[in-house]
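*Asks:* Encoded as structure tokens, here's the structure I'll be asking about.
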Amino acid sequence: MQEQIHNSGNEKGSFLPFFASFIVISVLMVVTFFFVFGKVVPPNMIGIRRNFIGIPGVLKAGYQDIGLASGLHWKAPFISNLVLIPRDFQFIQMGDEIKGDLNLEKLKIPTTDGSFVNTDMSLIVRFFDKPGSTERTGTVEVENLKKNSNESVPVVQKVTRVHGGPNDLINTFGRDLNTQLRTFSIGAESNLKKNLSDLSTTGFFNPVLREIAVLKATEEVNKEVNNRGIEIWATLILRYVYEKQSIDDQIFAKNLQDATKKLNHAQSALAEAKAQTEKILAQWDGQKINVLRVEGQTTVQVYDEEAKKYEEEKIAEGNRLVEVAKSEVEKQKNEILASLGGKVYTARKLVPFLSSLKGGIITNVDPYNVDSWIKKLTSDHKQENK
């Protein structure tokens, strides 16, 4: 029994190394398979398949027209491979201040009157992932650039461009990124110098004329290279300095003089506008006072009429209340007289006659004080009965 347990333990001990070896070998085979037959395209890259051989109906020899999206893609040694190009923007910097994907010397641009301008520029470039037509913004038609050139910068338009793909890019500029950008920059520099050199020494300081020249150069470069799978997305002038300091000083003085004239003109216009504003405000104040005066008189008349109406209503109401009170008094007196009996009624009727008699039959009685003489009369009557 102990021998059987010992044998089973030996079998388990010998199985574990075998199982571990199997796992390791399997992982190595998978890794080797993907390393040999697969390649990952990162999110910021475009994959371009290159087939070394062509099989009719199956494989097309050379670089393919449509780029591959990010992810894992297959390849086969000696049959197919993948080349990567950037999907995001590439920066070609001409100057010493800023570093980019390709760094070149600043442009030395001659002007029409014989001076030179050292210009730092930045070209923002990107590649197309497939051939086709795409609507782009930030570009202009060259023939429209001269319209109102001295008044305002021309508005950019949307332009539909027909462009190439990765195959056109690599066949024209090579497969290495640095080589692609450097080859592309040669033609771009030539166009920029040609268009900017049409400006005079003072014209280079004019932002409208300078921007027009840059837009023209950008448009001409794009028309040449878009069918090769690349475009200039934007051209930026970072800094420009005249080679001779005296030219900078003279232009600065002239620009300062022009700016001073504009400032004086603006201040004069501001003073005139303030005077006109004060005049209008005074007129408005006078009109407002007149309007308020008329409105006040109208309001007083309305209040007077309302007061008179209120007074009349209250007087009428008071008169009515007085009449009601008098009626109530007469009613109460009549009720009292009725309760005293017929002799009081007779005595009341005799008041005018008795008060007119000389000597007075009833003395110490005010003939108009009915209550007093009634009491007098009734008390005398009671004494006689006794």
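The values are calculated or read from the model by the stated rules, or taken from the named source; none is laboratory data. Everything numeric here is computed off the predicted structure, so don't read it as measured data. Every residue, glycine as well, gets a Cβ built from its backbone with ideal geometry; the counts of neighbours run over all protein chains shown.
*Asks:* Residues that are closer than 17 Å to Leu169 by Cβ, at least 3 per element: which strands (runs of 3 or more DSSP E) completely within segment 93-132 meet that?
*Replies:* 116-127
*Asks:* Tell me the residue from Phe19, Phe33 that is surrounded by fewer than 10 Cβ atoms within 10 Å (Cβ to Cβ), aromatic (Phe, Trp, Tyr) and at pLDDT below 75, please.
*Replies:* Numbers: Phe33 fails: surrounded by fewer than 10 Cβ atoms within 10 Å (Cβ to Cβ).
None of the other options fit; the residue is Phe19.
*Asks:* Tell me yes or no: at least one residue of segment 40-55 is in a helix (DSSP H, G or I) and at pLDDT below 90. Lay out the reasoning, then the answer.
*Replies:* Pass one, segment 40-55, residues in a helix (DSSP H, G or I): none.
No, segment 40-55 contains no residue that is in a helix (DSSP H, G or I) and at pLDDT below 90.
*Asks:* Pick from segment 196-210 the residues that are in a helix (DSSP H, G or I), of a type outside the set (Gly, Ala, Ser) and modelled with pLDDT under 90: which of them is nearest to Lys130 (Cα to Cα)?
*Replies:* Once the filter is applied, the top-ranked residue is Arg210.
*Asks:* Tally time: how many residues in segment 63-92 are assigned to a strand (DSSP E or B), without any contact (Cβ under 8 Å) to a residue 60 or more places away in the chain and aliphatic (A, V, I, L, M)?
*Replies:* Adding up the residues that qualify gives 5.
Conditions tested, residue by residue: (1) surrounded by 19 or more Cβ atoms within 10 Å (Cβ to Cβ); (2) out of contact with any Pro (no Cβ under 7 Å at 6 or more places or on another chain); (3) closer than 18 Å to Leu84 by Cβ.
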| site | (1), (2), (3) |
| --- | --- |
| Phe173 | yes, yes, yes |
| Glu189 | yes, yes, no |
| Leu192 | yes, yes, no |
| Ile212 | yes, no, no |
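Table: residues versus (1) more than 17 Å from Lys193 (Cβ to Cβ); (2) touching a strand residue (DSSP E or B) at 6+ places or on another chain (Cβ under 6 Å); (3) part of a helix (DSSP H, G or I); (4) at pLDDT 80 or above.
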| site | (1), (2), (3), (4) |
| --- | --- |
| Ile212 | no, no, yes, yes |
| Lys223 | yes, no, yes, yes |
| Trp233 | yes, yes, no, yes |
| Ile237 | no, yes, no, yes |
| Tyr240 | no, yes, no, yes |
| Ile251 | yes, no, yes, no |
| Asp258 | yes, no, yes, no |
| Lys262 | yes, no, yes, yes |
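*Asks:* Here is a further query. Return the residues of segment 60-94 that are over 23 Å from Gly164 (Cα atoms) and either assigned by TED's automatic domain parsing to the domain that holds Leu107 or aromatic (Phe, Trp, Tyr) (or both); say none if nothing qualifies.
*Replies:* Scanning segment 60-94 gives Trp74, Phe78, Gln93, Met94.
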